[in-house]
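**Student:** Before anything else, here's the structure in question.
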Amino acid sequence: MGKVPNIVTPPPGPKSKALVEKRNDLIPPGVYLVQPVTIAESKGAVMKDVDGNSYIDFTSGIGVTSLGHCADEIVETISEQASKIIHTCIHVVNYEPYLDLAQKLIEVTPGAFKKRAILLNSGSEAVENAIKVVRQSTGRPNILSFENSFHGRTYMALTLTGKWDPYKVGLGPFVPGVYFTPFPYAYRCPWGTDDPEECGKAAIHHIEKNIFKTQVDPSTVGAIITEPIQGEGGFIVPPDSFLPDLKGLCEEHGIQLIIDEIQTGYARTGKMWAIEHWGVEPDLMTIAKAIASGLPLSAVVARDELMKDIYPGSLGGTYGGNPIACAAALKVLEMIEREKIVDKAAALGVKLGKRLDEFYDKYEVIGEVRGKGPMLAMEMVKDRGSRKPNPEAASNVMKAALASGLLTLKAGLYNNCIRLHPPLTIEDELLEKGLDILEKALKKA
Ligand SMILES: Cc1ncc(COP(=O)(O)O)c(C=O)c1O
């Protein structure tokens, strides 16, 4: 792709602008746009727009193209599978890529117990199906979710999402049987403590002593769903005791623990699954995003006893587990293993973390740097004393980064976090160039 980054006309250039105007005319604004550029091609950690600008990509299409855009082996696998079977529908006839992938996912997810897997199209659909499995198999209708979480945009996934604006605005009523409790967001701990461990313990205590006493009978709660690290919520890592304690609480009350690894899975945090950082074995896991390097695919992997008697016909869909997406997903897993992507991700996390810590030391506008492995974010504040959110600073930095050829993403309840989702295979040179651009942009916060 030649020189990278390469800004030949200030972005958005005239062609990008015209195409974004076309978009604004054709597509509802509900489909939001972070970066006002129109991309023509992408490869590895680079995206090139219709005006000839090329950018370093620190977004990976929201953590999807973790092996880089259009990796040669993925492209070859897709075209090979496309000449064999494009679609039959798993409800009509059986096919092997679905079974091979289900088997692999069962092998690579935590828990040595017997499991089953179902394949769907999107993260939201995986969440929907995890809840269906829990409700039908346990007979318990209620679900506990966390404030500041994100689980998707279909109605159950949206109901479970703990952020109102923009996701839920004007969309109620939501699905009955969903309750919320605060997540231990230690930087802004809802219980007013500055000690992360205390915050984690308070979060568990609140479920036991408040939610289960005043809002819902725990014997009617089928599942607690949580992201191991809140993604859209601003890369919020819970205190170390929290997830093991949550699992303990679930066991005490016969509640299933659903771990939503849609954003955190596939080495994004320096381990294959984020939950491995805490040694917890989920009863159900939802998986999507990086699973098939950009093809629409998702999965629910769950304990056999939850899945084995699900009523025939009550799960699935026309496209779920599309053969081309399954073939790509099998190649992704092969590449992760062969290329030692988990180790590479951990090493990338160390490099990124070092630079972000240096930024924190230099720029007061950064209130906190947090995350695990290469899944790192900076929370921008008006000042470190008040911790008042500074979404304008996050926007300014992202705009300045774009102008110099770096694509980044926002996150957080207050839209004040800059989150980094580079491809896990990004070359050192591009990583450093990207970080240099980010540092220059931080001066314009
Ligand atoms: C943790 C988590 N769950 C669910 C979803 C929803 O996935 P999708 O957008 O594929 O429906 C997302 C998407 O960002 C996510 O981060």
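**Student:** In the stretch 221-253, which residues are open to solvent by 40 Å² or more (accessible area, probe 1.4 Å) and not charged (D, E, K, R)? Spell out the reasoning first.
**Tutor:** Residues of the stretch 221-253 open to solvent by 40 Å² or more (accessible area, probe 1.4 Å): 240, 244-245, 251-253.
Passing the criteria: Pro244, His253.
**Student:** Within the set of pairs 6 or more residues apart or between chains, which connect a residue that is at positive phi inside the stretch 261-274 to a residue that is open to solvent by less than 20 Å² (accessible area, probe 1.4 Å) with Cβ atoms less than 6 Å apart?
**Tutor:** Tyr266/Ser66; Tyr266/Ala290; Ala267/Ile341; Ala267/Ala345; Ala267/Leu424; Gly270/Ala345; Gly270/Gly349
**Student:** Report, by residue number, each residue of the stretch 93-105 that is open to solvent by 50 Å² or more (accessible area, probe 1.4 Å) and in contact (Cβ under 8 Å) with a residue 24 or more places away in the chain. Outline the logic, then answer.
**Tutor:** As a first pass, look at the stretch 93-105 and keep what is open to solvent by 50 Å² or more (accessible area, probe 1.4 Å): 93-94, 96, 99-100, 103-104.
Within the stretch 93-105, Asp100, Lys104 meet the criteria.
**Student:** Which members of the stretch 106-130 meet the condition of being open to solvent by 50 Å² or more (accessible area, probe 1.4 Å), of a type in the set (D, E, K, R) and not in a helix (DSSP H, G or I)?
**Tutor:** Of everything in the stretch 106-130, those that are open to solvent by 50 Å² or more (accessible area, probe 1.4 Å), of a type in the set (D, E, K, R) and not in a helix (DSSP H, G or I) turn out to be Lys114, Arg116.
**Student:** In the set Val37, Val20, which member is under 29 Å from the mean Cα position of the chain (by Cα), in contact (Cβ under 8 Å) with a residue 12 or more places away in the chain and within 25 Å of Ala71 (Cβ to Cβ)? Walk me through it before giving the result.
**Tutor:** Values: Val20 fails: within 25 Å of Ala71 (Cβ to Cβ).
Every option except Val37 fails the conditions.
**Student:** Among the helices (runs of 4 or more DSSP H) confined wholly to the stretch 12-105, which include 2 or more residues that are closer than 30 Å to Met272 by Cα?
**Tutor:** Output list reads 60-63, 72-82.
**Student:** Within the stretch 290-301, take every residue that is within 11 Å of the ligand (Cβ to nearest atom) and out of contact with any Phe, Trp or Tyr (no Cβ under 7 Å at 6 or more places or on another chain) and give me the one that is farthest from Ile86 (Cα to Cα).
**Tutor:** Result: Ser298.
**Student:** Keeping to the stretch 261-276, report how many residues are crowded, with 24+ Cβ neighbours inside 10 Å and either within 16 Å of the ligand (Cβ to nearest atom) or at pLDDT below 95 (or both). Before the answer, list the steps.
**Tutor:** Taking the stretch 261-276 first, the residues crowded, with 24+ Cβ neighbours inside 10 Å are 261-270, 274-275.
Restricting the remaining residues to those that are either within 16 Å of the ligand (Cβ to nearest atom) or at pLDDT below 95 (or both) gives 261-269, 274-275.
Final tally of qualifying residues: 11.
**Student:** Only residues that are in a helix (DSSP H, G or I) and within 15 Å of the ligand (Cβ to nearest atom): list them for the stretch 217-251, please.
**Tutor:** Leu243
**Student:** Checking Thr161 against (1) in contact with a Lys or Arg (Cβ under 8 Å, 6 or more places away or on another chain); (2) touching a residue at least 40 places away in the same chain (Cβ under 8 Å); (3) within 16 Å of the ligand (Cβ to nearest atom): exactly one of these is not met. Which one?
**Tutor:** Answer for Thr161: the failing condition is (2).
**Student:** Filter the stretch 131-153 down to the residues that are in a helix (DSSP H, G or I) and not β-branched (Val, Ile, Thr), then identify the one that is least open to solvent (accessible area, probe 1.4 Å).
**Tutor:** Across the stretch 131-153, the extreme among qualifying residues is Ser137.
The values are calculated or read from the model by the stated rules, or taken from the named source; none is laboratory data. These numbers come from a predicted model, not from an experiment. For neighbour counting, all protein chains shown are included, and Cβ atoms are generated from backbone atoms with ideal geometry for every residue, glycine included. These accessible areas exclude ligands, DNA and RNA; they are computed on the full protein's heavy atoms, side chains included. Shrake-Rupley method; radii C 1.70, N 1.55, O 1.52, S 1.80 Å.
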